[in-house]
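> Sending over a structure as structure tokens; questions will come in a sec.
The values are calculated or read from the model by the stated rules, or taken from the named source; none is laboratory data. What you see is a predicted model, and the numbers here were worked out from it, not measured in a lab. As a convention, Cβ positions derive from the backbone with ideal geometry for all residues, glycine included, and neighbour counts pool all protein chains shown. Accessible surface is based on the protein model in full, side chains and every heavy atom, while ligands, DNA and RNA are left aside. Shrake-Rupley method; radii C 1.70, N 1.55, O 1.52, S 1.80 Å.
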Amino acid sequence: MTITKCLFPVAGYGTRFLPATKSMPKEMLPIVNKPLVQYGVEEAIEAGMTTCAMVTGRGKRAIADHFDISYELEHQISGSGKEARLESIRSVLDKGVFTMVRQREMKGLGHAILTGQSLIGNEPFGVLLSDDLCINDGPGVLAQMAELFNQFRCSIVAIQEVPPEEVNKYGVIAGESLKDGIYRVDEMVEKPDPADAPSNLAIIGRYILTPDIFDIIRETRPGANGEIQLTDALQTQARRGCVMAYKFKGRRFDCGSVPGFVEATNYVYEHFYEED
Ligand code: UTP
């Protein structure tokens, strides 16, 4: 079964980057010369998820404009050496379809995903949080997870080991290890106190979700920070059926934080940037 849709919750305020994000979406901040959200879209398209469904909010129009042609600019630089700089975004626009819905109130990631239901319908889908930038040789993280979905046919979360004192920044899982890096989830907690955390296996911003998650989110009460937490809904899904966790291959940068953003910038500049 091919998963063809990926949801991008991009409605958050990005307060850790204020004042830069006062009028500019966090997802449009560039890592070197490409906005964060474009890295995410490229990863989704590579995984075969060519319908990119964006949950946006007020002040996020730049994202919709990025995934469209910019007629005047393109006409102006047509035929010049500068045109090559549009190559990556043109390739994304050729392969992808972009749909948008607005989240009117920022009530948390779970709520953002429920807002995206009208764009997804009743089928399994990917979720990509573009402030987690993942870089690796070989297939991207979503492609790795899509392959795993065909084995297990249930929701999958990407996980990574983090230092135990940092678990309070993440959703954390506990579960039975089935084979290298694959766990059947028993327990999930959002932002646990390090003393109470069930493990140091932290959920990062890549998911494959089965569509029953929408009804579960609808029943989920606000949790940590007063927000409707996807982790709480996934805990219910794990209890009722099955959720897998997958220690992905690759490197992840937390670009939602200033130190992670700077680290990613240096890494991409060093390893991928080519001056033209
Ligand atoms: P974060 O909490 O990391 O993003 O949410 P934020 O709120 O924008 O960042 P800070 O903490 O204020 O700096 C994780 C992801 O979920 C989206 C965000 O856009 C981000 O991609 N999100 C979060 C929504 O789309 N809607 C929400 O109500 C909350």
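> Quick one: in region 154-181, which of the residues that are loosely packed, with under 13 Cβ neighbours inside 10 Å and assigned to a loop (DSSP other than H, G, I, E, B) is farthest from the chain's Cα centre (by Cα)?
Asp180
> Let me ask something additional. Taking into account only those residues within region 218-272 that are of a type in the set (Gly, Ala, Ser) and not in a helix (DSSP H, G or I), which is nearest to the ligand (Cβ to nearest atom)?
Across region 218-272, the extreme among qualifying residues is Gly256.
> Which helices (runs of 4 or more DSSP H) does region 50-123 wholly contain that include 2 or more residues that are under 19 Å from the mean Cα position of the chain (by Cα)?
61-66, 87-95, 109-115, 117-120
> Among the residues of region 32-49, what is the count of those that are small (Gly, Ala, Ser) and in a helix (DSSP H, G or I)?
Counting residues in region 32-49 that are small (Gly, Ala, Ser) and in a helix (DSSP H, G or I) gives 2.
> Moving to a separate point now. Quick check on region 1-16: of everything there that is out of contact with any strand residue (DSSP E or B) (no Cβ under 6 Å at 6 or more places or on another chain), of a type outside the set (A, V, I, L, M) and part of a loop (DSSP other than H, G, I, E, B), which residue is most open to solvent (accessible area, probe 1.4 Å)?
Once the filter is applied, the top-ranked residue is Tyr13.
Quick grid of which residues meet (1) crowded, with 22+ Cβ neighbours inside 10 Å; (2) among the polar types (S, T, N, Q); (3) closer than 27 Å to Leu36 by Cα:
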| position | (1), (2), (3) |
| --- | --- |
| Pro194 | no, no, no |
| Pro198 | no, no, no |
| Arg206 | yes, no, yes |
| Leu209 | yes, no, yes |
| Asn225 | no, yes, yes |
| Gln229 | yes, yes, yes |
| Gln235 | yes, yes, no |
| Val243 | yes, no, no |
| Thr265 | no, yes, yes |
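> Is there any pair linking a residue in region 204-215 that is in a strand (DSSP E or B) to one that is more than 16 Å from the ligand (Cβ to nearest atom) and open to solvent by less than 10 Å² (accessible area, probe 1.4 Å), with Cβ under 6 Å and at least six apart or on different chains, and which?
Ile208/Met145; Ile208/Phe149; Ile208/Ile156; Leu209/Ser155
Conditions tested, residue by residue: (1) open to solvent by 40 Å² or more (accessible area, probe 1.4 Å); (2) in contact (Cβ under 8 Å) with a residue 12 or more places away in the chain; (3) at positive phi.
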| residue | (1), (2), (3) |
| --- | --- |
| Leu86 | no, yes, no |
| Val92 | no, yes, no |
| Gln103 | no, yes, no |
| Gly121 | no, yes, yes |
| Leu128 | no, yes, no |
| Leu133 | no, yes, no |
| Gly138 | yes, yes, yes |
| Phe152 | yes, yes, no |
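> Further question on the same structure: Could you tell me which numbered condition Ile77 fails, if it satisfies all but one of (1) in contact with a Lys or Arg (Cβ under 9 Å, 6 or more places away or on another chain); (2) aliphatic (A, V, I, L, M); (3) without any contact (Cβ under 8 Å) to a residue 24 or more places away in the chain; (4) within 14 Å of the ligand (Cβ to nearest atom)?
Condition (4) is where Ile77 drops out.
> Does region 257-269 include one or more residues that are among the hydroxyl-bearing types (Ser, Thr, Tyr), closer than 27 Å to Asn136 by Cα, more than 20 Å from the chain's Cα centre (by Cα) and at pLDDT 95 or above?
Checking region 257-269: at least one residue is among the hydroxyl-bearing types (Ser, Thr, Tyr), closer than 27 Å to Asn136 by Cα, more than 20 Å from the chain's Cα centre (by Cα) and at pLDDT 95 or above.
> Could you run through region 19-42 and say how many residues are over 11 Å from Leu128 (Cα atoms) and either near the ligand (Cβ under 8 Å from one of its atoms) or open to solvent by less than 10 Å² (accessible area, probe 1.4 Å) (or both)?
Residues meeting the conditions: 7.
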